[in-house]
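Student: Quick one: structure below, then a few questions.
The values are calculated or read from the model by the stated rules, or taken from the named source; none is laboratory data. Worth saying up front: this structure is predicted, and the values here are computed from it rather than measured. All Cβ positions, glycine included, derive from the backbone under ideal geometry; neighbour counts span all protein chains shown. Ligands, DNA and RNA are excluded from the accessible area calculation, which covers all protein heavy atoms including side chains. Shrake-Rupley method; radii C 1.70, N 1.55, O 1.52, S 1.80 Å.
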Amino acid sequence: MAKHVLLNNVDHKDLRVITRRSADYGDAVMFATTFPAEFRNLQAHYPIVFLKVPDTGQFQPVALFGFTERDNLFLSDAGWDAAYVPLTVERQPFLIGLQQPGGSGSGEREMVIHVDLGSPRISTTEGERVFLEHGGITPFLDRINSVLHTIHLGIEGTPAFIEALLELDLLESFTLDVKLDDHSENRLAGFYMINEDRLSALGGDALEKLNRKGHLLAIYMAIASLSNFRALIDRKNRRLAAGAAS
């Protein structure tokens, strides 16, 4: 059960975090939330698609790891099998919190770090130390702080990107039917992608506006990432073959 608390160097002076990548530590997930500023790093490894959040109806970009729930084809006995781990995965079990400065009830809220003490990654005997012996922050926590800050800025900028896509009718739902080497048939549905034909048909003014607002590179990165579906299918076939041989 999740137990989110404000991180501090008194209550959590002995806190350690297990950073190994494994299903035992919550990494058996089909996808992870991402944001346009991360697309360049993601597109070399993962398909970037869009999910419509049921509660809000808003679109959210995600990096896809598999074809079914809890199916992460990048997990192996050796850990995470890709050179880049999405930031919303790397940051676990830490979260972004916002609070009024100095505990006051007014003024602009500042970002603070929360930690999920219910996470299986939490330990006091193994893993990366969060605080130094006398209360200072470790290089590990400094990295987490940077990751959370990047996520915060990235997610803040996502609505404007999505709005630009919707304004130009560039998002479309898609269904991917996959026939695997074991002759089983799988269908990936419920996601959206950027329509490359509609993008190509845009006039110069629309493209210039997308570029001026900083959206065009992310659009091209998302489109380029779709070539990773072939590699994802290959991963699924290897996973099935290994299971059949064991």
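Student: Please state which of the following conditions Asn195 fails to meet, knowing it meets all the rest: (1) within 18 Å of Pro36 (Cα to Cα); (2) of a type in the set (S, T, N, Q); (3) open to solvent by 50 Å² or more (accessible area, probe 1.4 Å).
Tutor: It fails just one condition, (3).
Student: Checking Val130 against (1) under 21 Å from the mean Cα position of the chain (by Cα); (2) over 30 Å from Leu188 (Cβ atoms); (3) in contact (Cβ under 8 Å) with a residue 40 or more places away in the chain: exactly one of these is not met. Which one?
Tutor: That leaves (1) as the condition not met.
Student: Which numbered condition trips up Leu188, out of (1) of a type outside the set (D, E, K, R); (2) outside any helix (DSSP H, G or I); (3) open to solvent by less than 30 Å² (accessible area, probe 1.4 Å); (4) out of contact with any Phe, Trp or Tyr (no Cβ under 6 Å at 6 or more places or on another chain)?
Tutor: Status for Leu188: all satisfied but (4).
Student: From the list Phe65, Phe35, Phe39, Phe50, exactly one residue is among the aromatic types (Phe, Trp, Tyr), open to solvent by less than 20 Å² (accessible area, probe 1.4 Å) and within 22 Å of Ala242 (Cβ to Cβ). Which is it?
Tutor: Phe65
Student: Okay, next question. Would you check if there is a residue in segment 88-96 being open to solvent by 30 Å² or more (accessible area, probe 1.4 Å), basic (Lys, Arg) and modelled with pLDDT of 95 or more?
Tutor: Yes, there is a match, as at least one residue in segment 88-96 is open to solvent by 30 Å² or more (accessible area, probe 1.4 Å), basic (Lys, Arg) and modelled with pLDDT of 95 or more.
Student: Within segment 143-160, identify whether any single residue is part of a strand (DSSP E or B), modelled with pLDDT of 95 or more and in contact with a Leu (Cβ under 7 Å, 6 or more places away or on another chain), and answer yes or no.
Tutor: There is no residue in segment 143-160 that is part of a strand (DSSP E or B), modelled with pLDDT of 95 or more and in contact with a Leu (Cβ under 7 Å, 6 or more places away or on another chain).
Student: Which of the residues spanning segment 213-230 are assigned to a helix (DSSP H, G or I) and surrounded by 14 or more Cβ atoms within 10 Å (Cβ to Cβ)?
Tutor: Of segment 213-230, the ones assigned to a helix (DSSP H, G or I) are 216-225, 228-230.
Within segment 213-230, Leu216, Leu217, Ala218, Ile219, Tyr220, Met221, Ala222, Ile223, Ala224, Ser225, Asn228, Phe229 meet the criteria.
Student: Tell me which of these Leu210 doesn't satisfy, since it passes every other one: (1) surrounded by 17 or more Cβ atoms within 10 Å (Cβ to Cβ); (2) touching a residue at least 60 places away in the same chain (Cβ under 8 Å).
Tutor: (2)
Student: With respect to Asp205, is the statement that it is farther than 25 Å from Lys52 by Cα, out of contact with any Phe, Trp or Tyr (no Cβ under 7 Å at 6 or more places or on another chain) and assigned to a helix (DSSP H, G or I) true?
Tutor: Yes; evaluated as a whole, the condition is true for this residue.
Student: Something else now. Please determine, by comparing only the residues of segment 133-142 that are of a type outside the set (Ser, Thr, Tyr), in contact with a Lys or Arg (Cβ under 9 Å, 6 or more places away or on another chain) and not in a helix (DSSP H, G or I), which one is surrounded by the most Cβ atoms within 10 Å (Cβ to Cβ).
Tutor: Top of the filtered list is Gly135.
Student: Please find, among Asp169, Asp177, the residue that is in a loop (DSSP other than H, G, I, E, B), open to solvent by 80 Å² or more (accessible area, probe 1.4 Å) and in contact with a Lys or Arg (Cβ under 8 Å, 6 or more places away or on another chain).
Tutor: The match here is Asp169.
Student: Now for a separate question. Does Gly118 count as of a type outside the set (Ser, Thr, Tyr) and more than 19 Å from the chain's Cα centre (by Cα)?
Tutor: On the way: of a type outside the set (Ser, Thr, Tyr): yes; more than 19 Å from the chain's Cα centre (by Cα): yes.
For Gly118, the condition - of a type outside the set (Ser, Thr, Tyr) and more than 19 Å from the chain's Cα centre (by Cα) - is met.
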